[in-house]
Structure formats: structure tokens, C-alpha cells
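The values are calculated or read from the model by the stated rules, or taken from the named source; none is laboratory data. Source: prediction; values computed, not measured. A quick note on method: Cβ atoms are made from the backbone with ideal geometry, for glycine too, and the neighbour counts reach across all protein chains shown. Just the protein is used for accessible areas: all its heavy atoms, side chains included, with ligands, DNA and RNA removed. Shrake-Rupley method; radii C 1.70, N 1.55, O 1.52, S 1.80 Å.
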Amino acid sequence: MMNETLDLLRTRRSVAPHLLADPGPTAAELDLLLTIAARVPDHGRLTPWRFIVLQGEARHRIGEAIAAAYRADNPTADAAKAEFERGRLARAPLVIAVVSRAKPHVKIPEWEQTISAGAVCMALVVGANAMGFATSWLTEWYAFDRRILDALGLAPDESIAGFVHIGTPTTPPVERPRPVMSDIVTRF
Ligand SMILES: Cc1cc2nc3c(=O)[nH]c(=O)nc-3n(C[C@H](O)[C@H](O)[C@H](O)COP(=O)(O)O)c2cc1C
């Protein structure tokens, strides 16, 4: 019962964004990743999510907005901290923001639309790892900050399901403790 897909799913680990270097996915790999991610289960076929691709200079432009919001909230913080905030989304060569567009619907619960966006993030993670890249699915404070959501162009009823960071790992990840299956599995 062993194959590459099972091995990947069994051993996958996140790699912190500062350890994700060039090269990132090519244009063709990025297209494939987005196509894979848009194939997740989606009750009612509402496509309750969308993508914002952050690459190259665009990562620094959003970094300006993140640093400005940080400085406004922390006027006494030292310059190095603001500089770190500026570079937040510029650590990995590619960041894909997965935007949830879940909203009330006559038939499909909003919760189901929301978790479909989580499936999108995971499909990006698995797909990118299958291509030989490593990933980090993060939100951080700016995923919940209206100023940053405005800068990214999110509507008031949209949310960030994740910033999926993708790149080539500079350091192999170390395993972390995993749930004890008997703690989380019961039989009904
Ligand atoms: C929706 C979501 C948001 C997350 N946001 C963060 C985050 O902001 N910062 C962080 O350190 N980890 C965050 N994580 C956790 C990492 O993605 C990752 O799961 C964790 O570092 C454990 O590594 P593993 O994927 O190898 O188990 C988030 C996970 C999810 C599902």
C-alpha cells in the first residue's frame, strides 16, 4: 500500500517561510498548482474562493502596507521590527493568498463554503510538495487586518483562508509530535 502520494501525505512537513528560497514554481507550474487547487470539493459549485498571486515586486508592495499598519499600531517599535514586517510576504519566492468568498446562501451552509477554502489551501500545499517544493500555510496578524485586506483588494465579506508560501527548502524540516491516534479516533 505504498506509493509516492501516500509517502508524501504521510511525511509532509511545513518549512518556515524564511527557509523557502528560489527557485519557486515556474509559470507553468504555478498554472498547474492553481488548477489543482481549484479542483477541490465544492458543495453547490459556488467556487467560494479565489486566488491572489504574490510574486517578485508585488510582495514588497504589500510589504509596504503591512509595515505602515505595523508602524501606526506600534509607533515606538524599533526600525528592525518594522523592516521585518515589510519583508513578511517576501520571504518565499511565491505566496498565494487564498481568499474565501463564503457568504449566506439559500441551500449551502456558509461553513461548508468556508472549509472548502481550507481544502484549496491544502491542495496547494500537497501539489507544491509533489512538485518538489516546500510550503508554509500561514495567516499571521495581517490576514485579519482590514487595512491589509483593503490593500489586497478584498471585499468586506471576503477573508484570507491562508497565505500559502512556496519555495525550495534550504533546510530539511524536523518532525514534530503528531496526534496520538487513540486520542482522536473513536468508533461509533
Ligand atoms: C488556517 C491556518 C493558519 C495558520 N497560520 C499560521 C501562522 O500564522 N503562523 C504559524 O506559525 N503557523 C500557522 N499555521 C500552522 C502551519 O501551517 C503548520 O501547520 C504548522 O507550522 C505545523 O507544521 P506541519 O504542517 O508540518 O504540521 C496555520 C495553519 C492553518 C491551517
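Before moving on, here are some points about what is shown:
- If you go through region 7-27 and keep only what is away from the ligand (no atom under 16 Å from the Cβ) and open to solvent by 70 Å² or more (accessible area, probe 1.4 Å), you end up with Asp22, Pro23, Thr26, Ala27.
Okay, residues lined up against (1) outside any helix (DSSP H, G or I); (2) out of contact with any Lys or Arg (no Cβ under 8 Å at 6 or more places or on another chain); (3) open to solvent by less than 30 Å² (accessible area, probe 1.4 Å):
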site	(1), (2), (3)
Asp31	no, yes, no
Ile36	no, yes, no
Arg50	yes, no, no
Ile62	no, yes, yes
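- Selection count, region 102-151, where residues are farther than 25 Å from Arg39 by Cβ and small (Gly, Ala, Ser): 1
- Among the residues of region 142-188, the ones that are aliphatic (A, V, I, L, M), within 15 Å of the ligand (Cβ to nearest atom) and open to solvent by 100 Å² or more (accessible area, probe 1.4 Å) come to 2 in all.
- Single unsatisfied condition, Val40 versus (1) at pLDDT 95 or above; (2) over 18 Å from Ala92 (Cβ atoms); (3) open to solvent by 30 Å² or more (accessible area, probe 1.4 Å); (4) not aromatic (Phe, Trp, Tyr): (3)
- Of the helices (runs of 4 or more DSSP H) entirely within region 100-188, those holding at least 2 residues that are of a type in the set (Ser, Thr, Tyr) and touching a strand residue (DSSP E or B) at 6+ places or on another chain (Cβ under 7 Å) occupy 110-130.
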